[in-house]
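Notes follow once the structure below has been shown.
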Amino acid sequence: MTNTDIPIDSPLGERIDLAVARYGEDAFVTKVLGLLDGRNEGDDVLLYVGGRHAQGVLDGAPALYWPELWGARALLHVWNDAAAPAVLGGTTNRAWRVREMCLKVCAERRIGTETQLAKLTTDENPRVRAAAARALAVVGGPASEEIIGRLLRDSQKDVRRAAGESLGVLKERVSPQSD
């Protein structure tokens, strides 16, 4: 398969399925982890995870943090547990979009500890703080209630909204109602 055979306008899930069929699941996870780590994993891998936007990068647009972000985002669709340390490492990436996406993966895959994720509730970027609240809601314990509760007083409305929703999820998860 050449670059032109990759359907760059197809939805991400479809492109990921094609990549897994081509490389195998574990090999593809290794490649997206390489992207997350800042390595060049080849044009085809970039097109699978980034689609049309990746074509723009390959045509000369600045890559910035996009390959790292796309590598993390792919882990919402394909996974093995060996990816967890890299995702947690990505929560400290200099680019807020990468930190936010890694937190989304933490929530989806239920990885990380209360201590690791709590640090990100004070991130300089409001979208990262909101994503940290959501991740804590699914992996944290009773102590996360206080941590998330502090975000109810955040200066950003979207963070306060995410904190309120996250508290509801956390309370339901750690002390489910009996019928």
Practice problem: With the condition kept exactly as written, say whether any residue in region 123-137 is free of Cβ contacts under 8 Å to residues at least 40 places away in the same chain, of a type in the set (Val, Ile, Thr), in a helix (DSSP H, G or I) and closer than 16 Å to Glu165 by Cα. | Solution: yes
Quiz item: Can you find a residue in region 76-89 that is touching a helix residue (DSSP H, G or I) at 6+ places or on another chain (Cβ under 6 Å), aliphatic (A, V, I, L, M) and free of Cβ contacts under 8 Å to residues at least 24 places away in the same chain?
Solution: no
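In region 1-119, which helices (runs of 4 or more DSSP H) lie fully inside it and hold 2 or more residues that are modelled with pLDDT of 95 or more, open to solvent by 60 Å² or more (accessible area, probe 1.4 Å) and among the acidic types (Asp, Glu)?
Numbers: elements: 12-23, 25-36, 43-58, 66-74, 84-90, 96-109, 114-118.
The helices (runs of 4 or more DSSP H) meeting that bar are 12-23, 25-36.
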Quiz item: Looking at Val169, Val138, Val159, which is the one that is surrounded by 16 or more Cβ atoms within 10 Å (Cβ to Cβ) and in contact with a Pro (Cβ under 9 Å, 6 or more places away or on another chain)?
Solution: Val159
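Just wondering, is there one or more residues in region 147-154 that are aliphatic (A, V, I, L, M) and open to solvent by 20 Å² or more (accessible area, probe 1.4 Å)?
Pass one, region 147-154, residues aliphatic (A, V, I, L, M): 147-148, 151-152.
Now restrict to residues that are open to solvent by 20 Å² or more (accessible area, probe 1.4 Å): 147, 152.
Checked region 147-154: at least one residue is aliphatic (A, V, I, L, M) and open to solvent by 20 Å² or more (accessible area, probe 1.4 Å).
Give Arg161, Arg173, Arg129, Arg99 a once-over and let me know the one that is under 17 Å from Arg73 (Cβ atoms) and not hydroxyl-bearing (Ser, Thr, Tyr). Walk me through it before giving the result.
On the way: Arg161 fails: under 17 Å from Arg73 (Cβ atoms); Arg173 fails: under 17 Å from Arg73 (Cβ atoms); Arg129 fails: under 17 Å from Arg73 (Cβ atoms).
Selected residue: Arg99, the only one of Arg161, Arg173, Arg129, Arg99 that is under 17 Å from Arg73 (Cβ atoms) and not hydroxyl-bearing (Ser, Thr, Tyr).
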Quiz item: What are the residues in region 53-98 that are more than 21 Å from Glu25 (Cα to Cα) and touching an Asp or Glu at 6+ places or on another chain (Cβ under 6 Å), if any?
Solution: Leu58, Val98
Practice problem: Determine the pairs where a residue that is over 17 Å from Cys102 (Cβ atoms), located within region 25-46, has a partner that is of a type in the set (D, E, K, R) and part of a helix (DSSP H, G or I) with Cβ atoms under 6 Å apart, the partner being 6 or more residues away or on another chain. | Solution: Glu41/Lys31; Val45/Lys31
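The values are calculated or read from the model by the stated rules, or taken from the named source; none is laboratory data. In this text, all values refer to a predicted model and were calculated from it rather than measured experimentally. Ideal geometry is used to build each Cβ from the backbone, glycine not excepted, and the neighbour counts take in all protein chains shown. Protein only, heavy atoms only, side chains kept; ligands, DNA and RNA dropped before computing areas. Shrake-Rupley method; radii C 1.70, N 1.55, O 1.52, S 1.80 Å.
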